[in-house]
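**Q** Have a look at this one before I ask anything.
The values are calculated or read from the model by the stated rules, or taken from the named source; none is laboratory data. Owing to the predicted nature of the structure, the values given are computational and were not obtained by experimental measurement. In case anyone asks, the SASA skips ligands and DNA or RNA and just uses the protein heavy atoms, side chains included. Shrake-Rupley method; radii C 1.70, N 1.55, O 1.52, S 1.80 Å.
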Amino acid sequence: MVTYRKNELYQEMELFNDDGVKIGEAEVDIKNRMLSRFVIYEPYQNQGYGTEYVTALCKDFGITSLWVNADNSHAIHVYEKCGFKLGDSKMYEMIKQE
(Lines give C-alpha, C1' and ligand atoms only; values in the text may rest on other atoms or scores of the structure.)
Protein backbone atom coordinates (compact mmCIF):
# COMPACT_ATOMS: atom_id res chain seq x y z
CA MET A 1 0.00 0.00 0.00
CA VAL A 2 1.35 3.43 -0.93
CA THR A 3 0.10 6.74 0.51
CA TYR A 4 0.64 9.78 -1.74
CA ARG A 5 1.12 13.44 -0.82
CA LYS A 6 1.01 15.25 -4.11
CA ASN A 7 2.08 18.67 -5.33
CA GLU A 8 3.06 19.86 -8.78
CA LEU A 9 6.82 19.27 -8.45
CA TYR A 10 7.25 16.09 -6.50
CA GLN A 11 5.39 13.17 -5.03
CA GLU A 12 6.15 12.06 -1.46
CA MET A 13 5.18 8.52 -0.50
CA GLU A 14 4.98 6.38 2.58
CA LEU A 15 5.53 2.70 1.80
CA PHE A 16 3.63 -0.02 3.65
CA ASN A 17 3.73 -3.81 3.59
CA ASP A 18 0.63 -5.99 3.21
CA ASP A 19 0.08 -5.88 6.99
CA GLY A 20 -0.20 -2.07 6.93
CA VAL A 21 3.18 -1.53 8.60
CA LYS A 22 5.16 1.45 7.33
CA ILE A 23 8.38 0.03 5.90
CA GLY A 24 9.88 3.03 4.10
CA GLU A 25 9.53 6.29 2.24
CA ALA A 26 10.10 7.60 -1.26
CA GLU A 27 9.99 10.83 -3.23
CA VAL A 28 9.68 11.26 -6.99
CA ASP A 29 10.65 14.38 -8.92
CA ILE A 30 7.65 14.36 -11.27
CA LYS A 31 8.99 16.86 -13.86
CA ASN A 32 12.35 15.11 -14.27
CA ARG A 33 10.94 11.57 -13.78
CA MET A 34 13.60 10.92 -11.16
CA LEU A 35 13.50 8.88 -7.97
CA SER A 36 14.91 11.59 -5.70
CA ARG A 37 14.67 9.72 -2.37
CA PHE A 38 14.06 6.08 -1.52
CA VAL A 39 14.51 4.19 1.72
CA ILE A 40 13.36 0.86 3.07
CA TYR A 41 13.81 0.82 6.84
CA GLU A 42 16.51 -1.57 8.03
CA PRO A 43 14.24 -4.22 9.64
CA TYR A 44 12.49 -4.65 6.26
CA GLN A 45 15.54 -4.76 4.00
CA ASN A 46 16.57 -7.95 2.15
CA GLN A 47 12.95 -9.08 1.85
CA GLY A 48 12.29 -7.95 -1.73
CA TYR A 49 10.46 -4.73 -0.83
CA GLY A 50 13.05 -2.47 -2.47
CA THR A 51 12.84 -4.24 -5.80
CA GLU A 52 9.05 -4.42 -5.60
CA TYR A 53 8.58 -0.74 -4.85
CA VAL A 54 11.22 0.60 -7.25
CA THR A 55 9.64 -1.45 -10.04
CA ALA A 56 6.16 -0.13 -9.16
CA LEU A 57 7.34 3.48 -8.90
CA CYS A 58 9.10 3.26 -12.27
CA LYS A 59 5.90 1.98 -13.83
CA ASP A 60 3.59 4.47 -12.10
CA PHE A 61 5.75 7.58 -12.62
CA GLY A 62 7.90 6.74 -15.66
CA ILE A 63 11.10 7.09 -13.63
CA THR A 64 14.19 7.15 -15.84
CA SER A 65 16.94 8.24 -13.43
CA LEU A 66 18.07 8.36 -9.82
CA TRP A 67 21.15 9.16 -7.74
CA VAL A 68 22.82 6.65 -5.45
CA ASN A 69 25.91 6.92 -3.27
CA ALA A 70 28.85 5.11 -4.86
CA ASP A 71 29.49 3.15 -1.66
CA ASN A 72 25.89 1.91 -1.32
CA SER A 73 26.36 -1.47 -3.02
CA HIS A 74 23.10 -2.84 -1.61
CA ALA A 75 21.04 -0.05 -3.21
CA ILE A 76 22.99 -0.30 -6.46
CA HIS A 77 22.17 -4.02 -6.58
CA VAL A 78 18.45 -3.29 -6.13
CA TYR A 79 18.45 -0.59 -8.81
CA GLU A 80 20.32 -2.82 -11.26
CA LYS A 81 17.72 -5.56 -10.69
CA CYS A 82 15.12 -2.96 -11.70
CA GLY A 83 16.89 -2.18 -15.00
CA PHE A 84 19.10 0.78 -14.05
CA LYS A 85 22.79 0.92 -14.89
CA LEU A 86 25.57 3.12 -13.57
CA GLY A 87 26.02 6.30 -15.59
CA ASP A 88 28.89 8.71 -15.89
CA SER A 89 29.69 10.76 -12.82
CA LYS A 90 28.43 14.32 -13.29
CA MET A 91 28.92 15.69 -9.78
CA TYR A 92 31.82 16.16 -7.40
CA GLU A 93 31.72 16.60 -3.67
CA MET A 94 33.33 19.89 -2.70
CA ILE A 95 34.55 20.50 0.83
CA LYS A 96 35.13 23.96 2.22
CA GLN A 97 38.60 24.38 3.63
CA GLU A 98 38.68 26.32 6.87
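**Q** Can you give me the % of accessible surface on the chain that is carbon or sulfur? Probe 1.4 Å, all protein chains present, nothing else counted.
**A** Working: 3640 of 7460 Å².
Answer for the chain: carbon and sulfur cover 49 percent of the accessible area.
**Q** To the nearest 10 degrees, how steep is helix 49-61 against the longest Cα principal axis of the chain, on a 0 to 90 scale?
**A** With rounding to tens, the tilt is 90 degrees.
**Q** Moving on. Using only the alpha carbons, work out the radius of gyration and Dmax of segment 2-98 in angstrom.
**A** Considering segment 2-98 through its Cα atoms, Rg and Dmax are 14.4, 50 Å.
**Q** Turning to a different aspect of this structure: How long is the gain from Ala56 to Glu12 if the chain were fully straight, where each residue apart is worth 0.36 nm and the alpha carbon distance is subtracted?
**A** Working: separation 44, 0.36 × 44 = 15.84 nm, distance 1.44 nm.
Full-extension gain reported as 14.4 nm.
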